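Worksheet for the structure shown next.
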Amino acid sequence: MSAFFLRAAAWLYAIVLMLLTLGPASVRPETAMPPYLEHLAAFGVLGFLLVAGYGNRGMLLIFYGGAFAAFLEFCQIWVPGRHARLIDLTTDVSGIWIGVAVGLILLRAFRDTSSSHEPSG
């Protein structure tokens with residue numbers, strides 16, 4: 001896939017996360033998972049998509065992804081019916097960091113396997 005579509009997917013997913021995080025709790029989908037695993041998985045997907053779209057920029061993605069998660073959690077202070085909690089913040093940031101790490105590991109593995117199939121000469 002081209003980087004444009006992967007970047008667009010990452011940004012669209014970030015917008016969806018923002019709407020679900022800052023919207024009323026009634027619009028948020030519920031799963032059988034505990035809330036902390038929902039946060040971890042949701043933000044982990046974002047971290048992975050950011051690596052897929054922006055490649056080998058790990059430290060920047062970790063910084064900006066963590067800042068995005070902190071921003072969303074901070075904004076919940078002013079949303080009626082929502083509340084900002086430290087445990088949610090740490091889970092969101094951890095999810096992004098795990099997603100970025102998994103993405104970077106897979107990116108490196110993919111590049112290593114693709115370069116090992118090239119003829120040396």
For Tyr36, only one of the following conditions fails: (1) in contact with a Ser or Thr (Cβ under 8 Å, 6 or more places away or on another chain); (2) assigned to a loop (DSSP other than H, G, I, E, B). What is its number? (2)
Checked pairs for the stretch 1-25, first within 14 Å of Leu50 (Cβ to Cβ), second assigned to a loop (DSSP other than H, G, I, E, B) and small (Gly, Ala, Ser), C-beta under 8 Å and 6 or more apart or across chains, list as Ala3/Gly55
Report yes if Leu107 is in contact with a Leu (Cβ under 8 Å, 6 or more places away or on another chain) and part of a helix (DSSP H, G or I), otherwise no. no
Over the stretch 54-95, the set of residues farther than 23 Å from Leu107 by Cα and touching a His at 6+ places or on another chain (Cβ under 7 Å) is Gln76, Asp88, Thr91
Matching entry among Ala70, Ala84 (being modelled with pLDDT of 95 or more, in contact with an Asp or Glu (Cβ under 9 Å, 6 or more places away or on another chain) and farther than 29 Å from Ser2 by Cα): Ala70
Within the stretch 38-63, work out how many residues are surrounded by fewer than 14 Cβ atoms within 10 Å (Cβ to Cβ) and either closer than 18 Å to Leu19 by Cβ or not polar (S, T, N, Q) (or both). 3
Reported set for the stretch 26-67 where residues are polar (S, T, N, Q) and touching an Asp or Glu at 6+ places or on another chain (Cβ under 7 Å) is Thr31
For the stretch 50-104: of the residues being free of Cβ contacts under 8 Å to residues at least 12 places away in the same chain, in a helix (DSSP H, G or I) and closer than 26 Å to Pro24 by Cβ, which is farthest from the chain's Cα centre (by Cα)? Trp78
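The values are calculated or read from the model by the stated rules, or taken from the named source; none is laboratory data. As the structure is a computational prediction, the values presented were derived from the model and not from experiment. Every residue, glycine among them, receives a Cβ derived from its backbone with ideal geometry; neighbour counts consider all protein chains shown.
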